[in-house]
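First comes the structure, then the notes that go with it.
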Amino acid sequence: MAKDEYQAREFKVIGTRPIRPDGIDKVTGKAQYGADMSAPGMLWGAIKRSPHAHARIVSIDTSAASAMKGVKAVITRADFTHQPEDKANADVLDNCMAGERALYDGHAVAAVAATSKSIAAAALDAIKVDYEVLPHVTDVDDAVKPGAPIIHEGRQRENVPEGHNGNVISRTAFGHGDPEEGFKKADLIIERNFTTAATHQGYIEPNACLASLGADGQGEIWVCTQGHYMVRNVSAAVLGLDAGKIRATASEIGGGFGGKTHVWQEPVALKLSQEAGKPVKLVLNRDEVFRATGPTASSSADIKIGMTKDGKITAATCTYRLQSGAYPADNAMLAAMCGFAPYDLEHVRTEGLEVVTNRPKAAAYRAPGAPMGAFPVESVIDELCQKLDLDPLDTRLQNASREGTRAVYGPTYPAIGLEATLEAAKAHPHWTAPLGDNQGRGVACGFWFNFGGDTSVSLMVNLDGTVSLAEGNPDIGGSRAAMTMMAAEELGIPLDQVRTFIADTASLGQNENTHGSRVTYAVGLATIKAARHAIEVMKQRAAMKWGIDADAIEWKDGAAHPAGDNAGKFPPMSIKEIAAISSNTGGPIAGHHEANPEGAGVSFATHMVDTETDPETGAVKVLRYTVFQDAGKAIHPDYVEGQFQGGAAQGIGWALNEEYVYGEDGRLQNPGFLDYRIPVASDLPMIEPVILEIPNPGHPYGVRGVGETSIVPPLAAIANAVSRSSDVRLTALPMSPPKVLAAMKAK
Amino acid sequence: MSRIHVSTTINGDETEFLCEAQETLLDVLRDDLDLTGSKEGCASGDCGACSVTVDGRLVCSCLMLAAEAEGRAIETIEGMADGDDLHPLQQKFLEMGALQCGICTPGVLVAAKNLLERNPDPTEEQVRYWLAGNLCRCTGYDKIIRAVMETAKDMRGAA
Amino acid sequence: MVAVRLWGSLGEAAGATEVEVQASNLRELLLGLEENYPVLRSELERGISVSIDGKIYNDSWATPIAPDSEVVLLTRLVGG
């Protein structure tokens with residue numbers, strides 16, 4: 001499959017920086033996102049949401065709403081007559097529309113479709129819900145204490161040992177060796193607790209869809225998503241419909257970062273449409289996005305690392321508790337797998353406890369679990385270096401994972417790029433630049449997996465010799481540019497002769513979501529193979545015209561050439577010329593590739609940051625930031641740089657300012673961009689991206705996925721910088737000014 | 001409820017519409033006038049994705065009632081290019097890869113154009129503070145700031 | 001026979017950090033584990049990933065496994 005594919009070569013197009021094909025639409029406002037589509041006769045959908053963190057729904061009276069002029073459908077859970085057998089889909093249904101209980105502030109309890117936005121809003125007000133408020137818990141450490149309200153009885157997995165209450169849904173453990181023995185060899189042991197707050201992916205485009213579902217189960221949905229196949233499949237499963245009867249079309253997407261790899265309100269929109277007999281447009285507002293789509297988990301970790309005075313890590317343990325909201329998830333497991341991944345350790349044990357709370361159902365967020373995993377590890381290694389007076393980069397190099405290292409999560413690493421990023425960091429002028437008063441420098445490493453997954457691509461050679469490439473992965477980072485480049489490179493034709501489209505679900509086979517840093521790798525691989533398939537077909541057609549064997553033909557510079565003098569003296573046939581005779585020589589010319597390319601690799605990064613702390617206010621300014629990451633092969637360097645910079649910016653926000661704030665009443669206090677403060681342009685410096693290229697043997701061009709790893713190191717890199725500059729170790733994120741000030745004063 | 005009749009000018013075109021009293025300019029642009037280039041990111045004036053200019057003043061259209069557009073000159077992203085001639089900012093954003101998902105891009109371009117009309121030679125800090133009202137989650141702002149500064153340089157050279 | 005390493009808590013459940021299965025590809029491996037180690041069934045049903053010689057596989061049944069391959073069972077990986 002995707003084993004040893006890589007062939008080193010000189011590229012004509014790959015590695016250049018052409019203007020992206022979807023660019024003009026995006027700078028002129030023409031591009032159509034989730035909320036930009038309309039349909040004739042369309043209704044406006046709206047959702048009524050619980051104001052309580054935990055409550056039994058005693059009754060819902062929709063009669064007044066139904067009677068209102070302009071209201072064409074009113075639904076509650078009772079209208080969802082299909083009960084999915086699959087537990088995960090049953091949770092999705094319950095999250096889309098609460099059943100017996102509302103499990104978090106913002107949980108959907110009813111929905112309407114009306115002829116205008118204002119009538120829909122009035123209809124929501126007219127729905128009467130009788131709640132019996134129940135005790136709630138929103139903090140991860142409170143949820144595991146004896147006496148905490150138990151959110152789901154009977155869903156604790158068999159892997160949880162005695163002694164944990166019912167909110168601990170799952171326990172996974174990793175590692176090898178005997179840490180107790182290892183700690184005996186350490187000269188210094190540091191043991192601490194670290195906490196991180198829940199953050200939201202913060203995409204600027206609220207979730208939106210336009211759905212149309214008939215009484216016969218046939219339907220259409222236009223939706224902003226990272227996976228329109230997933231939306232179709234999961235919505236169908238939740239509603240008890242046949243997936244093949246629904247066509248999902250992906251709009252342009254205004255950010256996802258993992259948050260749009262799930263279904264949020266799409267089944268509700270489809271159901272409203274079916275009830276009303278009209279298309280329904282359902283767009284969430286910003287308040288709803290924060291309260292009722294998935295943030296990431298908050299965490300609390302107890303870590304212990306021992307080091308010799310020469311910098312060798314002798315033993316390490318960490319217990320991670322992550323709460324992923326009101327439904328079971330697997331984020332704790334991912335944290336426990338990833339935190340120590342950059343290090344070659346003889347004795348290491350990690351444990352992940354998955355906790356449920358009365359909070360919204362968590363979603364994936366760029367390397368899920370890994371930032372929480374790395375934060376304690378990279379912080380304690382830094383503190384050990386400080387106290388033992390060791391260089392933080394050299395110490396990491398000394399303990400670095402390399403080819404042949406046994407990872408904490410089990411396998412032995414093949415060739416990896418971690419050392420290269422550390423060496424590049426050491427050699428960079430940033431490392432030796434002078435620092436002023438109240439300034440500090442922090443470094444940290446990070447790790448994430450890459451994925452393959454189901455991929456279908458179709459490459460059509462049109463009658464005029466231009467090429468249409470159909471792929472099924474919504475473009476969140478510039479992937480259409482990369483696919484166009486790979487197709488043009490492979491076919492040997494100019495870039496402007498190829499146009500890449502994101503096909504709907506009726507036009508291609510299954511496609512895995514745009515996530516897991518997989519698209520440039522997997523869809524790129526499929527694009528290259530589809531192009532090679534088309535080339536084989538075109539060689540056959542030229543062979544037919546020339547009356548020679550297809551084996552005697554080579555493809556070069558966008559044309560079929562006889563291979564060598566023995567093949568015959570024929571002038572080359574360009575793609576245009578071959579396309580013109582396609583009907584005569586066998587019919588339409590297309591290449592396609594359907595596969596589940598697996599065996600993707602892993603991605604490492606090192607980040608370096610300088611910060612300055614205001615001693616009077618505790619405000620932290622980021623002065624300088626450099627990202628070192630291995631991309632295997634940068635297809636379009638602008639977009640690789642963009643991923644490095646964007647991930648770092650999100651990590652900076654997570655480290656310094658972003659958090660979900662809950663009140664005593666269990667309600668989210670800051671569901672808006674004013675008080676949930678993501679970095680703005682004046683908060684950040686330029687972010688320097690250093691792309692390393694150590695080719696991935698599993699991809700023809702050496703590509704490694706890069707999109708996610710960049711959010712993993714910033715949390716600790718910044719904590720390390722701030723801790724060094726203020727001479728106090730910060731262990732709770734975000735390091736907002738009041739917290740930094742309090743820590744400095746308490747010293 | 002009865003609706004209000006509004007006469008205004010949008011991107012140089014005389015425009016009339018009917019709106020409810022509480023509807024914002026953003027609502028009307030998007031839902032009634034098919035000008036979906038301005039985006040709703042928050043409806044509370046925090047993200048800038050809905051940025052337009054009103055009589056030359058940079059405004060969040062989600063914070064302005066549609067009825068207030070009476071007699072004013074509104075400019076949206078759709079008016080920034082001249083036919084198929086892109087504004088230098090639009091061209092530079094494409095050349096320098098200053099967008100990823102593109103949802104914030106219309107608002108950023110409207111705001112940046114307004115800045116350069118007022119201050120053709122801004123420092124990096126001035127550009128950052130002017131654009132602090134336009135949230136971007138994808139880019140970390142680096143390439144955006146560079147593109148605005150490069151465009152300012154080009155436009156000064158051409159002037 | 002292929003030696004399969006189990007991650008921490010899975011090994012705790014099975015009572016061994018390494019088990020042996022007769023398998024020449026991923027499908028046979030999964031079937032063999034289910035049959036011979038019933039205690040692993042619920043985890044297998046929830047979905048797992050498999051690392052074969054350092055690379056990660058989820059679903060491809062035909063993925064070949066050599067007798068000297070390093071095979072490690074992982075919990076199911078998801079991205080964002």
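Odds and ends about this structure:
- Convex hull volume per residue, computed on the Cα atoms of chain B, equals 108 Å³.
- Taking other Cβ atoms within 10 Å as a rough exposure proxy, A:302, A:675 sort from fewest to most as A:675, A:302.
- Applying 1/(1 + (r/R0)^6) with R0 = 60 Å to the Cβ-Cβ distance of residue B:129 and residue B:2 gives a FRET efficiency near 0.90.
- Beta bridges by DSSP in chain A, antiparallel share as percent, to the nearest 5: 75
- Among A:496, A:382, B:82, the ranking by other beta carbons within 10 Å of each residue's beta carbon, starting with the fewest, stands as B:82, A:496, A:382.
- Over all other residues within a Cβ to Cβ distance under 9 Å of residue C:61, the charged ones net out to -1, with Lys and Arg as +1 and Asp and Glu as -1.
- Across A:633/B:92; A:72/A:117; A:128/A:361, pairs whose alpha-carbon gap is larger than 18 Å: A:633/B:92; A:128/A:361
- When the GluC sites (Glu not before Pro) in the stretch A:585-641 are filtered for DSSP coil states and for at most 13 other beta-carbon atoms within 10 Å of their beta-carbon, the remaining sites are A:616.
- A Förster distance of 60 Å, applied to the separation of the beta-carbon atoms of residue A:82 and residue B:82, puts the FRET efficiency at 0.65.
- Ranked list, fewest to most other Cβ atoms within 10 Å of each Cβ, for A:42, A:230, A:485: A:42, A:230, A:485
- Centre separation in Å (Cα based) which lies between the stretch A:604-636 and the stretch B:75-153: 24
- Its relative contact order, with pairs defined as Cα atoms under 8 Å and 6+ residues apart, puts the stretch B:4-79 at 40 percent.
- Shown in residue order for the stretch A:406-412 are the 3J(HN,Hα) couplings computed by the Karplus curve 6.51 cos²θ - 1.76 cosθ + 1.60 at θ = phi - 60°: 7, 5, 4, 8, x, x, 8 Hz (x for Gly and Pro).
- Amide hydrogen proximity for residue A:169: with H placed 1.01 Å from N in the peptide plane, the residues at 5 or more positions away or on another chain lying under 5 Å are A:354, A:355, A:356.
- Amide proton proximity set for residue A:106, modelled H, under 5 Å, gap of 5+: A:50, A:52
- Zone residues, the stretch A:719-738, relative to residue A:432, backbone N less than 11 Å from point 7 Å out along Cα-to-Cβ: none
- Reported to the nearest whole Å, the Cα centre-to-centre distance from the stretch A:360-425 to the stretch B:30-52 is 42.
- Under 21 Å from residue A:184, Cα to Cα: lysines that are on another chain or at least 8 residues apart: A:304, A:309, A:312, A:387
- Length-normalised contact order of chain A in % [C-alpha pairs under 8 Å, at least 6 apart]: 16
- FRET efficiency, 1/(1 + (r/R0)^6) with R0 60 Å, evaluated for residue A:570 and residue A:155 via beta carbons: 0.30
- Equivalent ellipsoid semi-axes, the stretch B:88-158, via Cα gyration tensor eigenvalues times 5, rooted, Å: 18, 13, 10
- Distant-in-sequence amide H partners of residue C:49 (H built 1.01 Å from N, under 5 Å): C:74, C:75, C:76, C:77
- Each eigenvalue of the Cα gyration tensor of the stretch C:2-75, multiplied by 5 and square-rooted, gives one semi-axis; in descending order these are 17, 13, 12 Å.
- Cα-based Rg / Dmax (Å) for the stretch B:4-79: 10.8, 29
- Each residue of the stretch A:581-588 was assigned a 3J(HN,Hα) from its phi angle through the Karplus expression (A = 6.51, B = -1.76, C = 1.60, θ = phi - 60°), giving 9, 4, 4, 6, 10, x, x, x Hz with x at Gly and Pro.
- 3J(HN,Hα) along the stretch B:116-130, derived from phi through the Karplus expression 6.51 cos²θ - 1.76 cosθ + 1.60 where θ = phi - 60°, amounts to 5, 6, 8, 9, x, 9, x, 7, 4, 5, 5, 5, 5, 6, 5 Hz, with x in place of Gly and Pro.
- The stretch C:34-57 and the stretch A:173-239 have Cα centres separated by 21 Å.
- Normalising by residue count, the stretch A:313-371 has a Cα convex hull of 66 Å³ per residue.
- Based on C-alpha pairs under 8 angstrom that are at least 6 apart in sequence, the stretch B:22-159 has a relative contact order of 26 percent.
- Taking every alpha-carbon pair in the protein assembly as shown and binning the separations at 20 Å intervals from zero gives 13, 45, 35, 7, 0 percent.
A short reminder: the numbers here are calculations on the coordinates, not readings from a lab. Being a predicted model, the structure only gives us computed values, none of them experimental. Neighbour counts are summed over all protein chains in view; Cβ atoms, including those assigned to glycine, are modelled from backbone coordinates with ideal geometry.
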